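Structure first, commentary second.
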Amino acid sequence: MDVAIITGSAGLIGAEAVRFFSAQGFTVAGIDNDMRKEFFGPEASTAWAAQNLKDKIPAYRHSEIDVRDTQAVDDLFSEYGVDTKLVIHAAAQPSHDWAARAPLVDFGVNATGTLNVLEATRKHCPEAVFIFTSTNKVYGDRPNSLPLVELETRWEIEEGHRYANGIGEDMSIDGCTHSVFGASKVAADVMVQEYGRYFGMKTACFRGGCLTGPGHSAAELHGFLAYLMKCCVSGGEYQIFGYKGKQVRDNIHSYDLIQAFHRFYQSPRVAEIYNIGGGRYSNVSMMEAIAMCEEIAGKKMNTVYRDENRIGDHIWWIGDLTHFETHYPDWKITYGIRPILEEVYQANL
């Protein structure tokens, strides 16, 4: 019996991973205690997704464990032992703003929770492939020091710059403002690397841009494209925070991200770091995304502009996918921005 343990299994990435790896023949042990509801309110609850997985996937085994609970995490890993071939750690507190309200909870979930999952893996299934859903926020606001040019609907990097194809993994994470959330994810990211280098485990940090798709339980504090379309369909107010609404993000559909995870599982490496997102294939500014939502939904959005940007927020983020594509040349992005938004629109009807 090959087992995959997936934390945050009812979230956007976790649920996509459960469906995919179950179909590959894995018995999947999911860990999710619906903390997203605690973070962002009832509308962000993932209970519906957990129930859907339990109803539709016979090989799925759900556990409502808090990743901060060292003993509970260890007990679950002990139960499956060396049958565990893959660990995907996607559980997180994912919001800048929420982290600043409760730094101890944020660090407990993001940093201590990651350490608990790493150590349980090392003790009970050290040969398993360990995939961590990290974030581009580990770079803090350093990307804002890049030479950016203001265009009509977006900020863009100067032509000919070494990051013109996207920001690479060689960008420093030091000497900048990360936000409390970014700092807790840095701690987790570095520890995942260390367990790879120090203990020889097959670990990878996937530093994601905006992860998206119709399975997102979107809320104002997390879930850019999904929440944007949700507001467009419902008529709810959408707040734009600074940068003239021209801030740029690359966006990767959950399907494409899980395909990347699968490639790494098939041919793992030790202590790898990958910037992963839509890259130059799939990126959009806030202004451009609003216009696209309005076009798809056939209605005007209710937007409010706030001059003050979020602390540590990026003006322009497009990740360079070259490092991952060089290691796994058969992997490609399949979803652009418009197909993503069209799927999300259909999910909101």
Would you pick out the residues in the stretch 223-245 that are more than 22 Å from the chain's Cα centre (by Cα) and basic (Lys, Arg)?
-> LYS244
Tell me, which residue of the stretch 278-320 that is of a type in the set (A, V, I, L, M, F, W, C), under 22 Å from HIS178 (Cα atoms) and in contact with an Asp or Glu (Cβ under 9 Å, 6 or more places away or on another chain) is modelled with the lowest pLDDT?
-> ILE311
Restricted to the stretch 296-331, and to residues that are in a loop (DSSP other than H, G, I, E, B) and without any contact (Cβ under 8 Å) to a residue 60 or more places away in the chain, which residue is farthest from GLY140 (Cα to Cα)?
-> GLY298
What about THR334, is it at pLDDT 95 or above and either in a strand (DSSP E or B) or of a type in the set (Val, Ile, Thr) (or both)?
-> yes
Residue in the stretch 256-293 that is farthest from SER134 (Cα to Cα), counting only those that are part of a strand (DSSP E or B) and among the polar types (S, T, N, Q) = SER285
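This table checks each residue for (1) surrounded by 15 or more Cβ atoms within 10 Å (Cβ to Cβ); (2) under 22 Å from the mean Cα position of the chain (by Cα); (3) without any contact (Cβ under 8 Å) to a residue 60 or more places away in the chain.
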site: ARG68; (1), (2), (3): yes, yes, yes
site: LEU76; (1), (2), (3): yes, no, no
site: ALA92; (1), (2), (3): yes, yes, no
site: SER95; (1), (2), (3): yes, yes, no
Test: residue in the stretch 235-243 that is closer than 14 Å to THR133 by Cβ and in contact (Cβ under 8 Å) with a residue 60 or more places away in the chain = no
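The values are calculated or read from the model by the stated rules, or taken from the named source; none is laboratory data. Computed from a predicted model, the values in this text were never measured in an experiment. So basically every Cβ, Gly included, is an ideal-geometry build from the backbone, and we count neighbours across all protein chains shown.
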